[in-house]
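The values are calculated or read from the model by the stated rules, or taken from the named source; none is laboratory data. From a predicted model like this one, the values you see are computed outputs, not experimental measurements. With ideal geometry, Cβ positions are generated from the backbone for all residues, glycine too; neighbour counts draw on all protein chains shown.
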Amino acid sequence: MTYTHKTITELRHSSPAQAEFYQAVEEVLDSLGPVLESNVIYQRQAIIQRIVEPERQLMFRVPWLDDNGNIQVNKGYRVEFNSALGPYKGGLRFHPSVNASIIKFLGFEQIFKNALTGLPIGGGKGGANFDPKGRSDNEIMRFCQSFMSELYRHIGPTTDVPAGDIGVGAREIGYLFGQYKRLTGRYEGVLTGKSLLWGGSLVRKEATGYGAVYFADYMLNARDDSLKDKRCLVSGAGNVAIYAMEKLYQIGATPISCSDSAGTIYHSQGIDLALVKQIKEQQRGSLIEYLEVHPGAEYTPVADYPTDGHAVWRYAADAAFPCATQNELTKADAESLMAKGCQLVSEGANMPSTQDAVDVFIDAQIAYGPGKAANAGGVATSQLEMAQNASMQKWTFSQVDQQLQQIMKSVFVTASETADEFGQHGNLILGANIAGFRRVADAMIEQGVV
Ligand code: NDP
Ligand code: 2IT
């Protein structure tokens with residue numbers, strides 16, 4: 001039995017019904033064969049058995065009162081996966097689909113992503129099966145306060161530092177921070193993605209989307225090409241998608257689509273980004289409203305998506321930026337992209353492509369940037385926020401942006417050089433997985449059997 005099969009079989013027994021988690025583990029372990037074979041120390045040290053088991057998993061009740069005075073109950077999570085390289089670091093997701101499998105897959109990915117940045121941060125993730133849609137500001141605040149009333153005892157600026165993810169942005173981080181401060185009496189960098197008024201870092205809001213575009217450009221530069229004048233499909237219309245589109249425009253490319261949980265907008269002349277920001281950031285509305293201003297754009301509701309995939313990936317484009325959620329790009333989607341001439345995929349989201357879609361990209365030898373490399377700019381800039389908080393400094397936009405670019409460059413170079421080392425030129429998923437793994441595994445060995 002291969003390492004992958006053995007590990008997944010064991011996980012199916014010890015952690016049943018966690019499909020997304022097995023998928024993330026399988027993808028990493030599939031890359032590690034040559035490293036495990038040539039370094040028996042990883043086997044002797046039981047690194048794989050240790051690395052797939054979180055150091056600690058918290059699950060807790062989150063009771064709160066809705067605006068009608070009814071008691072609502074959600075399930076909260078924080079998975080503190082690996083602290084070999086630093087305090088647990090990773091976002092919080094509030095979405096009705098959240099369960100232990102989703103949080104564990106995200107936490108597992110986060111370990112290798114954070115390692116790949118070269119920064120001193122371990123891996124963790126959390127969230128709740130709370131649906132913020134249609135909830136008032138007061139309900140969001142009460143939910144965040146209840147969530148933090150349990151979480152506060154487990155986190156701290158040198159132990160575990162949460163941030164945002166789907167459904168958690170600056171507003172939620174504000175309410176969470178307020179409750180943490182009230183309960184502990186401490187004003188410290190325990191969360192990142194904070195408001196610029198009180199401890200946040202410039203560029204953090206933009207960092208994931210900008211980073212995914214910088215990464216894409218580095219991939220193309222290595223092929224004597226660039227993103228300039230490229231037509232780009234983007235999915236999602238949240239934090240990552242919006243700032244990916246902003247950076248695409250800044251470097252002379254054109255985003256021609258975006259999507260949300262209800263449907264997809266395709267606008268051949270280029271997405272009206274100011275309008276998307278207004279609909280999503282200010283009104284928290286639906287993308288269907290885009291048609292009120294641009295009746296000439298195409299809108300496909302989810303009900304009309306192809307049965308084997310998603311409308312957004314069926315258009316022709318030079319490049320694709322999946323920036324919504326996991327498994328939003330299937331094998332059939334990947335085949336359609338390839339057939340229509342797409343040359344690049346840079347993942348702003350975490351694990352947006354199914355495993356068989358990734359295989360299509362690797363076989364086609366396009367420029368493919370896996371999420372744990374391409375979207376690492378968000379967490380990297382979170383670490384820059386931690387550094388500013390700890391040293392009581394505030395850096396300028398361009399100071400942070402320069403560092404973000406350097407980090408994305410270094411993530412690209414590390415993943416590429418590692419792929420070359422294993423004779424797989426251009427296979428950045430293999431390079432990213434091996435480079436991230438080695439850094440964590442070597443630290444674990446030096447720290448003993450803990
Ligand atoms: P947001 O909540 O800001 O936006 C998410 C977007 O994706 C929304 O447009 C949302 O639609 C859509 N979406 C979410 N879930 C689904 C679903 N199940 N089906 C269809 N559409 C969906 O989140 P972010 O932009 O922060 O996160 C997007 C992705 O990027 C996630 O995979 C996240 O893990 C990843 N990521 C985020 C980082 C960050 O710094 N924020 C860093 C690295 C990765 P709607 O508007 O209708 O809700
Ligand atoms: O998936 C991710 O990297 C994030 N949601 C950001 C994590 C962070 O700590 O900034």
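Looking at segment 274-303, which of its residues are closer than 9 Å to G263 by Cα, of a type outside the set (S, T, Y) and free of Cβ contacts under 8 Å to residues at least 40 places away in the same chain? Passing the criteria: I288, P301, A303. Here D131 qualifies as surrounded by fewer than 24 Cβ atoms within 10 Å (Cβ to Cβ), at pLDDT 95 or above, over 21 Å from L384 (Cα atoms) and out of contact with any helix residue (DSSP H, G or I) (no Cβ under 9 Å at 6 or more places or on another chain). All conditions but one from (1) more than 23 Å from L430 (Cβ to Cβ); (2) away from ligand 1 (no atom under 16 Å from the Cβ); (3) surrounded by 22 or more Cβ atoms within 10 Å (Cβ to Cβ) apply to W395; the one that does not is (3).
Does segment 421-431 contain any residue that is out of contact with any Phe, Trp or Tyr (no Cβ under 9 Å at 6 or more places or on another chain) and assigned to a helix (DSSP H, G or I)? Yes - at least one qualifying residue is present in segment 421-431. Considering segment 352-378 alone, what residues qualify as being in contact with a Leu (Cβ under 8 Å, 6 or more places away or on another chain) and either part of a helix (DSSP H, G or I) or within 11 Å of ligand 1 (Cβ to nearest atom) (or both)? Selection gives P352, A357, K372, A373, A376, G377. Please go through segment 15-47 and pick out each residue that is assigned to a helix (DSSP H, G or I) and under 12 Å from F108 (Cβ atoms). E20, F21, Y22, Q23, A24, V25, E26, E27, V28, L29, listed by residue number. Counting only strands (runs of 3 or more DSSP E) that sit completely within segment 229-342, those holding 3 or more residues that are surrounded by 24 or more Cβ atoms within 10 Å (Cβ to Cβ) and more than 9 Å from ligand 1 (Cβ to nearest atom) correspond to 231-234, 319-321. Taken over segment 89-121, the criterion of being over 18 Å from V62 (Cα atoms), β-branched (V, I, T) and assigned to a loop (DSSP other than H, G, I, E, B) is satisfied by T117, I121.
The single condition from (1) polar (S, T, N, Q); (2) surrounded by 23 or more Cβ atoms within 10 Å (Cβ to Cβ); (3) closer than 21 Å to V73 by Cα that T192 fails is (3).
Scan segment 367-381 and tell me whether some residue there is more than 15 Å from ligand 2 (Cβ to nearest atom) and closer than 28 Å to G252 by Cβ. Yes, there is a match, as at least one residue in segment 367-381 is more than 15 Å from ligand 2 (Cβ to nearest atom) and closer than 28 Å to G252 by Cβ.
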